[in-house]
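Contents: one structure, followed by commentary.
The values are calculated or read from the model by the stated rules, or taken from the named source; none is laboratory data. Small disclaimer: the values here were computed from a predicted structure and weren't measured. A quick note on method: Cβ atoms are made from the backbone with ideal geometry, for glycine too, and the neighbour counts reach across all protein chains shown.
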């Protein structure tokens, strides 16, 4: 008669009780790794069969048990330290002692490292998808508002005229670099630790390249100790997410200020009213987008602190990395989705923007540039315009007369009409057609590059997803051979 399986597959009755059992458990987080763990289990057992480490009957029995566990779902798993132990315990309960052969030639150390990377790849591609949606929304607004002038600010003070398109592209270009960073990180994540075992490899004749291919990885990691230890890819993923979150925070802040100034109307789906003041429309969703940078940076700092100074090979500290990683990436992806919706559904008010662009003598720099073009040293021109602006206190007529008086001694034949032309916001924007500038011609050049980069990144996302889908199909096909 076969011996009854132990209550816990990993430890049996040893270390199975005591007040620290719950403290050690990661099951609350591991729900996110359920699909990943089953895929890793299937790939591993198929490899064991291909290498004749297990016979076909053993492989088939284990695969049938894994199918049953998947059908039952995560909530039906037994209590355990982690999902890996829970699945193995459940497997032994379902198919008998042969289920214990699943863990041949591997450790939970390389298993969990592989599951994290398997799941993290999907999270990173989902983040790319959300970023592309936001960039598409910004590009759409830019295409629509190439000639819509708006005030530009430095130090939150009116500075120079620009356009809505120029503003929108500034965020799209920043987010495009973030997408590049995600893809760079993805390439380093997409290596398989499976086969490293505890950290010193295994005496079994395993084929880590096969398991890597079945799981859609580019290949196995080169060093077994590095494979189970390394969580630098987790830290890098959070660093990339933090970069996105910082950009989102700035975007949200701009939009919040623009709603305050009446430049845009935020769609009701992305706003709320006050609980006591019924007339109010608050940009609550954008405020939470702005707050996400704190969540992301907090997760990054937490993981960096956990990893700092850890000795080589596996340490249980690494278990605490996973919840920060998963929640950090997820919060940024969700915030990106909300930002994309907020941008795409916002309504801009060109008349309000054009009226506001004259506040604070936004085009004073153009007058200084005009004087410099006439041969006046720029610093002299800067001082003349600054003095006239200070005396005018925002009044355009006073400013023009002050300029005429100040430039009399320079023997320049200035006309009121000329100064007024240089003070025009539309004319100012049109003149600023240097590379990357806000003039419609320069903006349309930028939009050509925006479209090309978006197309390239959409293609890259599709390519990565198709690669994972091909691997998933192959794994399913290999499993079906044992049915």
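Spot the failing condition for residue 170; the list is (1) modelled with pLDDT of 95 or more; (2) in contact with a helix residue (DSSP H, G or I) (Cβ under 8 Å, 6 or more places away or on another chain), and only one is missed.
(2)
Determine whether residue 429 is at pLDDT below 95 and assigned to a helix (DSSP H, G or I).
yes
Take residue 186 and tell me if it is within 25 Å of residue 445 (Cα to Cα), crowded, with 18+ Cβ neighbours inside 10 Å and touching a helix residue (DSSP H, G or I) at 6+ places or on another chain (Cβ under 9 Å).
no
Does residue 336 satisfy being surrounded by 21 or more Cβ atoms within 10 Å (Cβ to Cβ) and modelled with pLDDT under 95?
When the stated conditions are applied, residue 336 does not pass them.
Kindly provide the set of residues from the range 221-231 that are crowded, with 24+ Cβ neighbours inside 10 Å and within 29 Å of residue 477 (Cβ to Cβ), ordered by number.
227
Residue-by-condition table, conditions (1) over 21 Å from the mean Cα position of the chain (by Cα); (2) within 25 Å of residue 33 (Cα to Cα):
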{"position": "270", "(1), (2)": "no, no"}
{"position": "288", "(1), (2)": "no, no"}
{"position": "297", "(1), (2)": "no, yes"}
{"position": "302", "(1), (2)": "no, yes"}
{"position": "309", "(1), (2)": "yes, no"}
{"position": "312", "(1), (2)": "yes, yes"}
{"position": "315", "(1), (2)": "yes, yes"}
{"position": "329", "(1), (2)": "no, yes"}
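Tally up the residues in the range 96-118 that are farther than 20 Å from residue 225 by Cα and surrounded by 22 or more Cβ atoms within 10 Å (Cβ to Cβ), please.
Looking only at that region, the number is 2.
Restricting to the range 27-65, what's the tally of residues that are surrounded by fewer than 20 Cβ atoms within 10 Å (Cβ to Cβ) and outside any helix (DSSP H, G or I)?
4
Would you point out which residue out of 226, 265 is closer than 29 Å to residue 133 by Cβ and over 24 Å from the mean Cα position of the chain (by Cα)?
265
Would you check if residue 251 is surrounded by fewer than 22 Cβ atoms within 10 Å (Cβ to Cβ), in contact (Cβ under 8 Å) with a residue 12 or more places away in the chain and not in a loop (DSSP other than H, G, I, E, B)?
No, not satisfied.
Output yes when any residue across the range 190-205 is touching a helix residue (DSSP H, G or I) at 6+ places or on another chain (Cβ under 9 Å) and either in a helix (DSSP H, G or I) or closer than 19 Å to residue 239 by Cβ (or both), and no when none is.
Yes, the conditions are met somewhere in the range 190-205.
Does at least one position in the range 121-130 carry a residue that is closer than 19 Å to residue 468 by Cβ, in contact (Cβ under 8 Å) with a residue 12 or more places away in the chain and not assigned by TED's automatic domain parsing to the domain that holds residue 345?
no
Can you say whether residue 353 is in a helix (DSSP H, G or I), in contact with a strand residue (DSSP E or B) (Cβ under 6 Å, 6 or more places away or on another chain) and touching a residue at least 24 places away in the same chain (Cβ under 8 Å), as far as the supplied structure shows?
yes
Of the numbered conditions (1) outside the structural domain of residue 264 (by TED's automatic domain parsing); (2) in contact with a strand residue (DSSP E or B) (Cβ under 7 Å, 6 or more places away or on another chain), residue 346 fails exactly one; give the number of that condition.
(1)
Would you call residue 322 buried (at least 16 other Cβ atoms within 10 Å of the Cβ) and touching a residue at least 40 places away in the same chain (Cβ under 8 Å)?
It is true that residue 322 is buried (at least 16 other Cβ atoms within 10 Å of the Cβ) and touching a residue at least 40 places away in the same chain (Cβ under 8 Å).
Identify all residues within the range 76-92 that are at pLDDT below 90 and part of a helix (DSSP H, G or I); write none if there are none.
Those that are at pLDDT below 90 and part of a helix (DSSP H, G or I): 83, 84, 85.
Is one or more of the residues making up the range 409-417 surrounded by 17 or more Cβ atoms within 10 Å (Cβ to Cβ) and assigned to a helix (DSSP H, G or I)?
Checking the range 409-417: not a single residue is surrounded by 17 or more Cβ atoms within 10 Å (Cβ to Cβ) and assigned to a helix (DSSP H, G or I).
Do you know which residues across the range 291-335 are farther than 22 Å from residue 123 by Cβ and either part of a helix (DSSP H, G or I) or not assigned by TED's automatic domain parsing to the domain that holds residue 115 (or both)?
316
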